[in-house]
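Taking it in order: structure first as C-alpha cells, then the write-up.
The values are calculated or read from the model by the stated rules, or taken from the named source; none is laboratory data. Bear in mind the structure is a predicted one, so any value in this text is a computation, not a measurement. Methodologically, a virtual Cβ is constructed for each residue, glycine included, from the backbone with ideal geometry; neighbour enumeration extends over all protein chains shown.
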Amino acid sequence: MMTVGNLRRGSGLLLVGLSMVAMTACGPKTEAEARKQVTKRPFGQTAEGAAVELYTLTNQNGLEVAITNYGGAVVSIKAPDRNGNLADVVLGFDTLDGYLKEHPYFGSLIGRYGNRIGKGRFTLNGVAYVLARNNGENHLHGGLKGFDKVVWKPVEATAKDAQTLVLSYLSKDGEEGYPGNLSVTVTYSLNDANELRIDYAATTDKDTVVNLTNHSYFNLAGQGQGDILGHQVMTNADRFTPVDAGLIPTGELRSVEGTPFDFRKPTAIGARINQADQQLKLGRGYDHNFVLNRETEGLALAARVTEPGSGRVLEVLTTEPGLQFYTGNFLDGTIRGKGGKVYGQRYGFCLETQHFPDSPNKPSFPSTVLKPGQRYQSTTVYRFSTTAAR
Ligand code: GLA
C-alpha cells in the first residue's frame, strides 16, 4: 500500500501511513489528522491487460471511501453508526473480477447519458443519432460500453480541505453513437464533515447530449444485511415524472400528492411499495425520477435517508434538477457481492442525481445539450451523519 496524497503534502512533507503522531511543518499532527490520506493498491487487470487501481480516501473521522478507476466505481464506503462502529454501506465486489462481469452498475460512474433514451435515438440540429438499444427497445446508462465499463485515467491531486481523486476519460466522437469528442473529468473528494463530493465536468467539440451520475446502491444498515424497506426516506420533490411500460417518462410532471411517491415527510421505503399503484407496478417498485424543488441555483438538499437501527443518515445534495430513486427491484439474489453476501431484491437503493430521463426527446424538460465552448458542470454531495437512539 502506498500513500499518494495527504492533506499536508503541500507543506513539503510526504507523510505515510496511520502513524500515531507525526510532525509537520505546521507542528504536531494529531492522531485524527494523521488518518487523512489517499492510498492506492493494485485492483487487477482488464481482459485487454490494462492495470486498474483501488484508491482509498480516509478522513479524520476514519470514514473511508474506496474507488476504482475501472468504471470510476465506488467500491466501498465505511461509515460510522451512532456508536461509532463502521460498516460498509454500499453494494459491490471485493475484486475487479466482479466489476468486469455483467452487473447492475454497482457504484459506477454513468455516462454519456445516465438513465434511458427512448428507442435509442434522438435528433440534434436536424441530425438523427442512433444509439445502442441495451434495455429492450431503449438505450440505458450510456449503452453497451458506457462510462461504467471504461478505464478512467487517475490524476493525483491535492485539495486544501479534502482527500481527492480525479478521474478523466475521453469519450471519442461516435462512441456508443453519440456525437462529439467528450472530455470528462470526475472529482471525488472526501472532507472531515463526512461528505463525499462528486464534481462532474465535461467539454465537447460538437453539439452532444450529456447526463452524468453515480450509481451507488446504499444499505445504511450495512451491505448484504437485508433489504432496505425499513429505511426512512425524505425527498425534496413535489412532483415526479411518470413512465410508460419501458420506463420512459411520458412527459408529464405529476404531483406526488396522494400517491406512494409523496416522500415530502420521511416515510419508510416499504410503507407503500407494494400498493396497487400503476406506476409502482411499471417500476416493480420505485424506479422513478423525482423533480426536485428548487428555489435557487446551486447545491440543494434532494433527499435524506435514515436507517433507524444503526442511526446512520445519508443526505444527498445536488445541483441537478432530478433524482432517480431506484429501490433495487431487479436484484434477485443471483449476485454474490462483498464478503460473499447475496444481494436479494431491494437490498440496496440508489439516489441517482441527474437531468430527467429521455430529455433529448422531451423539449419541455431541462436541456441536456452541451455545445463546444460550454462546460458541463454538475455537483452531488453524499453526506453521512447519525441520529440519536430511537
Ligand atoms: C437504473 C434504472 C433501473 C435499472 C438499474 C440497473 O437505476 O433506472 O431501471 O436498470 O439502473 O439495474
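Between Thr380, Thr296, Thr334, Thr387, the distinction of being away from the ligand (no atom under 12 Å from the Cβ) and at pLDDT below 95 belongs to Thr296 only.
Residue-wise test of (1) more than 19 Å from the chain's Cα centre (by Cα); (2) of a type in the set (Asp, Glu); (3) closer than 28 Å to Thr306 by Cα.
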{"position": "Pro80", "(1), (2), (3)": "yes, no, yes"}
{"position": "Asp88", "(1), (2), (3)": "no, yes, yes"}
{"position": "Phe93", "(1), (2), (3)": "no, no, yes"}
{"position": "Asp97", "(1), (2), (3)": "yes, yes, no"}
{"position": "Glu102", "(1), (2), (3)": "no, yes, no"}
{"position": "Tyr105", "(1), (2), (3)": "no, no, yes"}
{"position": "Gly111", "(1), (2), (3)": "no, no, no"}
{"position": "Leu124", "(1), (2), (3)": "yes, no, no"}
{"position": "Leu131", "(1), (2), (3)": "yes, no, no"}
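Of all residues in the range 202-231, those satisfying the criterion of being among the aliphatic types (A, V, I, L, M), under 20 Å from Gly333 (Cβ atoms) and either touching a strand residue (DSSP E or B) at 6+ places or on another chain (Cβ under 7 Å) or surrounded by fewer than 20 Cβ atoms within 10 Å (Cβ to Cβ) (or both) are Ile228, Leu229.
Scan the range 139-161 for residues that are in a strand (DSSP E or B) and surrounded by fewer than 21 Cβ atoms within 10 Å (Cβ to Cβ) and jot them down.
Residues of the range 139-161 that are in a strand (DSSP E or B), as a first pass: 139-140, 151, 153-156.
If the condition is that a residue be in a strand (DSSP E or B) and surrounded by fewer than 21 Cβ atoms within 10 Å (Cβ to Cβ), then Val151, Lys153, Pro154, Val155, Glu156 are the ones that fit.
Within the range 100-132, the residues that satisfy the criterion of being surrounded by 17 or more Cβ atoms within 10 Å (Cβ to Cβ), within 14 Å of the ligand (Cβ to nearest atom) and of a type outside the set (A, V, I, L, M, F, W, C) are His103, Pro104, Tyr105, Gly107, Ser108, Gly111, Tyr113, Gly114, Asn115, Arg116, Gly118.
Is it true that some residue in the range 344-357 is surrounded by fewer than 19 Cβ atoms within 10 Å (Cβ to Cβ) and either within 17 Å of the chain's Cα centre (by Cα) or away from the ligand (no atom under 16 Å from the Cβ) (or both)?
To start, the set of residues in the range 344-357 that are surrounded by fewer than 19 Cβ atoms within 10 Å (Cβ to Cβ) comprises 344-345.
With either within 17 Å of the chain's Cα centre (by Cα) or away from the ligand (no atom under 16 Å from the Cβ) (or both) added as a condition, the list becomes none.
There is no residue in the range 344-357 that is surrounded by fewer than 19 Cβ atoms within 10 Å (Cβ to Cβ) and either within 17 Å of the chain's Cα centre (by Cα) or away from the ligand (no atom under 16 Å from the Cβ) (or both).
With respect to Gly98, is the statement that it is under 30 Å from Thr56 (Cβ atoms), in a loop (DSSP other than H, G, I, E, B) and not basic (Lys, Arg) true? Criteria not met by Gly98.
For the range 254-290, the set of residues classified as surrounded by 15 or more Cβ atoms within 10 Å (Cβ to Cβ) and away from the ligand (no atom under 16 Å from the Cβ) consists of Arg254, Val256, Thr259, Pro260, Asp262, Phe263, Thr267, Ala268, Gly270, Arg272, listed by residue number.
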